[in-house]
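Input: a single structure, listed below in structure tokens.
Taken together, the values in this text are just the output of simple stated rules run on the coordinates, not laboratory data. None of these values were measured; they are calculated from a predicted model. Counting neighbours? That spans all protein chains shown, and the Cβs are built from the backbone with ideal geometry, glycine included.
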Amino acid sequence: MPIESQAAQVLLVGAGPGPVDLMTLRAVRAVESAQALLYDALISEEAIALAPPGCVRIQTGKRAGKPSMHQDEINRLMLRLARKGLRVVRLKGGDPSVFGRVGEEAGFLREHGVSVEVVPGVTAACAAAAQFGFPLTHRGEARRVVFTTARLEAGALSGDWSAAGDPEATMAVYMGGEVADALCARMIAAGRSPSTPAVAVEQAGAADARVYHGTLETLPARLASQGGPVVIVVGEVAAQARTAEIDETAPVARTA
């Protein structure tokens, strides 16, 4: 295996949920010193603007359901830029270790002799909880948190959902907005009560974030996502979520 060289380095950096003021100081400094910035589709213009003049800026896509650069292309691009001696920053939404493929990218780079540093960021579920005033764990209600994703395969929700039946677990489901009907039905089938509180938060952390309140039974009909990233939080703690400044007095049809 090649020996790592400090001259070839990539920083895998979490940009948080969007707003620059939710980035860590280390993340901001990393972007400000970047010579090559590879950023995901959901990264805010504010965050990209932190890069210095002369920095190579490349949008890599990586947004569910949208055209994007393949992972192997991203890996090779990071390697090529790092071997040119550039300080490469791979800027990811949220936290790199939460559905950010950080293990794949770090493993590839290290196998090719490139030093890797991971800079954590605020993940969407934490941003949603903070913004709308509910905890992810709570004494007597939620002893654990499960972070998962939801997607359909051959028309059915994929994965093992047995953990969803645990009444003391908060389920934080990423990328679940477009499959909310199947998701809620699967959780009920796993043993969760249909009356379990649930909220969906779109654009968590941003000034224009939206929250939709309901239960496993009613949330799908209330969710009217405008196409932004959605995290669904299910559990007793969701009942503590504050109401946003949108009209939730009547059910609305969900749009894709």
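Per-structure values
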quantity	calculated
Rg(Cα)/(2.2 N^0.38 Å) for segment 124-240, N = residue count	0.95
Distance between modelled label sites at residue 239 and residue 84, nm, 7 Å Cα→Cβ extension	5.7
Rounded Å value of the spacing that divides the Cα centres of segment 195-243 and segment 118-171	12
Sites residue 56 and residue 139 - FRET efficiency at Förster radius 51 Å, r taken between beta-carbons, to 0.05	0.55
Distance (nanometres) between label positions extended 7 Å along Cα→Cβ at residue 168 and residue 49	4.8
Evaluated at q = 0.17 Å⁻¹: base-10 log I(q)/I(0), Debye formula over Cα of the chain	-1.21
Rounded to the nearest 20 debye, dipole of the chain from Cβ charges on Lys, Arg, Asp, Glu	660
